Amino acid sequence: MAGAAAEERRLATVVESWLGRPVLVIGDAMLDEWRFAESDRLCREAPAPVLTLRRRISAAGGAANTAVNVAALGGRAVLVAPVGADVAGDELHDCLDRAGVWDRTVAQPGRHTPVKRRMLAGNQILLREDSGDPDDTLDGDGVQRLLTALECATEELRAAAGGEAPTLVVCDYGLGALPAPVRAWLVAARDRYATIALDAHDLADWRGLAPTVVTPSFAEATRLLARAASRTDSHLHLDHPAADPADGPSELSVGTAPGAAGSPAVSAPAGVSGAGVPGTGAQGAAPPPAGAPLGPPTGGTGEPTPGEDRVAMTGDGLSVTGTGVTVSALAGEGVDRAVLAEARLAELRAHTGADVVAVTLDTEGAVVGGADGASRRSHSTPVPASHAVGAGDAYLAAMTLALAAAAPLPTAAQLAQLAATITVSDTGTCVCRREDLLHALGARGDDAKHPVLVAPDELAAIVETQRGAGRSVVFTNGCFDVLHPGHVRYLEQARALGDLLVVAVNSDGSVRRLKGPDRPVNPVEDRVALLAALACVDHVVIFEEDSPAGLIEVVRPDVYVKGGDYPPEMVPEAPLVRRLGGQVRTLGYVPDRSTSAIIDRIRAHGHAVVPGEPEQVDAHGSSASASASASVPGRPA
C-alpha cells in the first residue's frame, strides 16, 4: 500500500509540473453535436422510430477537442485551424472560449466548419451525420492566412512562456486543414518546437516532421506498414487511387476486397482510433517474426482518411488493388493485437521518424515503444461507444504534456491511459480535467494543503507558495449574492485562464453600501460556503472595503478578471493590476442570467413573468437594465 501511495504521489507531481506549459495545436477542428431524443413508437411510413428531441449539446471536436483537453489538464493551449464563417464555427468559438483555449482559428469564407451530428435515444447512437468536405481545399489566400496565424501563435506562446520553446500538436484527420504548404512550413520550422506530437490518419504524409511521439490507432499503424511494404520508390507515401464510386465513403471492413479474392496481402487489422473506444480482442497469439505481416482486426471499424479507398481483409500476402490497400485476415481469431503491435514498434518508429510510438487499441489499452526498444502495455475498460468519443484526444493531450514536462516514457504512457480511461463515464465528447486526473491519483496536489476559505493575512503566503511552484494566479471579486449558472460559467472561464483562482467576496457591510439597504439577500457566510464548494474555485477571501485594491496588491495577480462587455481599459482596477505586472481580462455577457432577475421573481411571488425576453447581463450576473440594483461595472450581484 505504501508503494502504491508513493507511485500515485510521483504521478501527481508530473501532473503538477506541466501546469502552464505552452502548447500549440494545429489541424482539423470540428464541432461535435449531440442530440438526445426519446422514442416510444414507430412511424407509419417505415419501420423507423419516431424521435422527440429533448436536449442538444455541442462540443469541440478533433483538433479543437485536443486543445480543450490540453487546457483542461492545465496546459496553456492555443488552437490554429481553418474554421468556416458559419453557425457551427460560431458555436466552436464559444466552446473554445468556455474552455480557456486561446482561439487563433482563421475564418474561411465559403468553407463549412466540419460537424459530426449524433442522434441518440438513451445511450444508443441511432445515426451520425457528418458534414465537411475533405475536397474543400484552402485557396492560396486561405493558406497564407493560416501560415500567418501559425507564425504569430508560435511567437505569442514563446513570449508568454518567457522565451521557452512551445510544444506542437498536429491533428491531421484528412479534412483539408493541413495542405502541403502548411506541412512544409511545419517541417521546416521543426526546431522552433521543443516537443512535437502527431495524430494523423495518414502518417506517411508526415515523415519529414520527425515528431517526438505519434499516436496511431491499430488501423492507422497497419495502413502505414502496408503502404511501406508496397512502395516502389524512396518515398514512403503511397498515392491514393481514385475513389471507387461503388464504395462511397471509406471504412475499414472485414471480408474480401472487391476483385481481389485470394490475392496476396499484408495484414492490416481494422482497429478503432482513440483510447477507450469499445471493441474486443482475442488473446494468445505469439508475436510474428520481424517483417511478418500484422494480423486481422478483433474490434470494430476504424475511420481512415476521408476519401481514401476501402481497406479490406483477404487471405494472405500483399496486394495494392484499384480499391486501395488489401490486407490479411489469415491469422484468424487467435490474434492478440497488442502482441502484433509490440512486434512492429521498431518498424513504426523507423517509418514515422518518431522517438515514441503509441499504438492505441481501444478497450485493450495501448502499446507504447521508445528508443530504448522496450515496450509498455497499458489497459482500458470496455464502455459504450457513446461514452468514448474523444477519449483519444484526452490520451494525446496527456501524453504530450507529460513528455513535454520531461516525464519518463512509462510515466507518460500511464498518465495518458489514465486520462483517457477516466473520461468515458458518460455520453458526450470526452474531456479530462486536471482535477479529475489528480483525484484518480488520490491527490489534489499542493492546493489540498490549504483550506479553500482563507483570511486576508493567510492569502499572501499561499500565493507566494503557489507562484514559487510555477503556477499563475487568477483573481476576481464580487458580491455573489444569489449564486446562479451565470456565476458558475464565469468562474469556470476565469479558472481556465490560470492555475489558481482566488475569489474575493464583499462583506455584508460592503454589499449594503454598494447595493442598498435590502442587500445582500444571503449573508456572507452562506455566499462563501457556496463558492468554496465549486471545483473551479481554489480559495475564497472576504474583504470589508468597497474596492479590492488592497487585496490586489497582496495577491499581485497574473490575471485579473472582471465581467462585462466593456474593454479592459474601463476596469477601475486595471492601472493597478498592470503596474503590478498582471493583465486584465473581461468576460462577456451570459444571456438570461441575473441575480436581480432572480430576486425580482421571488419578490413577485407568483406574478406572471413574460417568457422569451432575456435580460442583458454580465457574466457575474449583473443586469444591464435593472435600475433597482445599480452596481460597480462588472461586479457580481
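Descriptive notes on the structure:
- Scanning the stretch 190-206 for residues that are closer than 12 Å to residue 174 by Cβ, assigned to a loop (DSSP other than H, G, I, E, B) and not charged (D, E, K, R) gives a single hit, 201.
- In the set (1) in contact with an Asp or Glu (Cβ under 7 Å, 6 or more places away or on another chain); (2) open to solvent by 10 Å² or more (accessible area, probe 1.4 Å); (3) more than 29 Å from residue 78 (Cα to Cα); (4) not basic (Lys, Arg), residue 498 fails one condition alone, (3).
- Failed condition for residue 574, given (1) closer than 17 Å to residue 459 by Cβ; (2) modelled with pLDDT of 90 or more: (1)
- Single unsatisfied condition, residue 52 versus (1) open to solvent by less than 20 Å² (accessible area, probe 1.4 Å); (2) among the β-branched types (Val, Ile, Thr); (3) modelled with pLDDT under 90: (1)
- Residues in the stretch 501-518 that are surrounded by 22 or more Cβ atoms within 10 Å (Cβ to Cβ) and modelled with pLDDT under 90: 515 only.
- Where strands (runs of 3 or more DSSP E) fall entirely within the stretch 58-115, those with at least 3 residues that are modelled with pLDDT of 90 or more and touching a helix residue (DSSP H, G or I) at 6+ places or on another chain (Cβ under 7 Å) are at 76-80.
- Residue within the stretch 127-137 that is in a helix (DSSP H, G or I), modelled with pLDDT of 85 or more and surrounded by fewer than 16 Cβ atoms within 10 Å (Cβ to Cβ) present: no
- Test: residue in the stretch 533-542 that is in a strand (DSSP E or B), modelled with pLDDT of 90 or more and more than 19 Å from residue 497 (Cα to Cα): yes
- Residues that are farther than 21 Å from residue 165 by Cα and touching a helix residue (DSSP H, G or I) at 6+ places or on another chain (Cβ under 7 Å), drawn from the stretch 400-412: 411
- Filter pass, residue 80 being surrounded by 21 or more Cβ atoms within 10 Å (Cβ to Cβ), under 25 Å from residue 425 (Cα atoms) and within 16 Å of the chain's Cα centre (by Cα): no
- Contact annotation: residue pairs with Cβ atoms under 9 Å, 6 or more positions apart or on different chains, pairing a residue in the stretch 150-174 that is open to solvent by 20 Å² or more (accessible area, probe 1.4 Å) with a partner that is in a helix (DSSP H, G or I) and charged (D, E, K, R), are 158/192; 164/158; 165/158; 165/191; 165/192.
- Condition check for residue 214: of a type in the set (A, V, I, L, M), open to solvent by less than 20 Å² (accessible area, probe 1.4 Å) and over 30 Å from residue 471 (Cβ atoms): yes
- For the stretch 408-432, filtered to residues that are among the aliphatic types (A, V, I, L, M) and surrounded by 24 or more Cβ atoms within 10 Å (Cβ to Cβ), the residue that is farthest from residue 123 (Cα to Cα) is 412.
- Annotation: of all residues in the stretch 433-445 being surrounded by fewer than 19 Cβ atoms within 10 Å (Cβ to Cβ) and assigned to a loop (DSSP other than H, G, I, E, B), the one that is modelled with the highest pLDDT is 442.
- Among the numbered conditions (1) β-branched (Val, Ile, Thr); (2) under 30 Å from residue 413 (Cβ atoms); (3) not in a strand (DSSP E or B), the only one that residue 148 does not meet is (2).
- Restricting attention to the stretch 446-466, the residues that are within 14 Å of residue 501 (Cβ to Cβ) and at pLDDT below 85 add up to 4.
- Scanning the stretch 349-396 for residues that are more than 12 Å from residue 417 (Cβ to Cβ), of a type in the set (A, V, I, L, M) and surrounded by 24 or more Cβ atoms within 10 Å (Cβ to Cβ) turns up 354, 357, 359, 388, 389.
- Flag if residue 536 is in contact with a helix residue (DSSP H, G or I) (Cβ under 8 Å, 6 or more places away or on another chain), closer than 29 Å to residue 22 by Cβ and open to solvent by less than 50 Å² (accessible area, probe 1.4 Å): yes
The values are calculated or read from the model by the stated rules, or taken from the named source; none is laboratory data. This one's a predicted model, so the numbers in the text were calculated from it and none came from an experiment. All Cβ positions, even for glycine, are placed from backbone atoms using ideal geometry, and neighbour counts span all protein chains on display. Heavy atoms of the whole protein, side chains included, go into the accessibility calculation; ligands, DNA and RNA do not. Shrake-Rupley method; radii C 1.70, N 1.55, O 1.52, S 1.80 Å.
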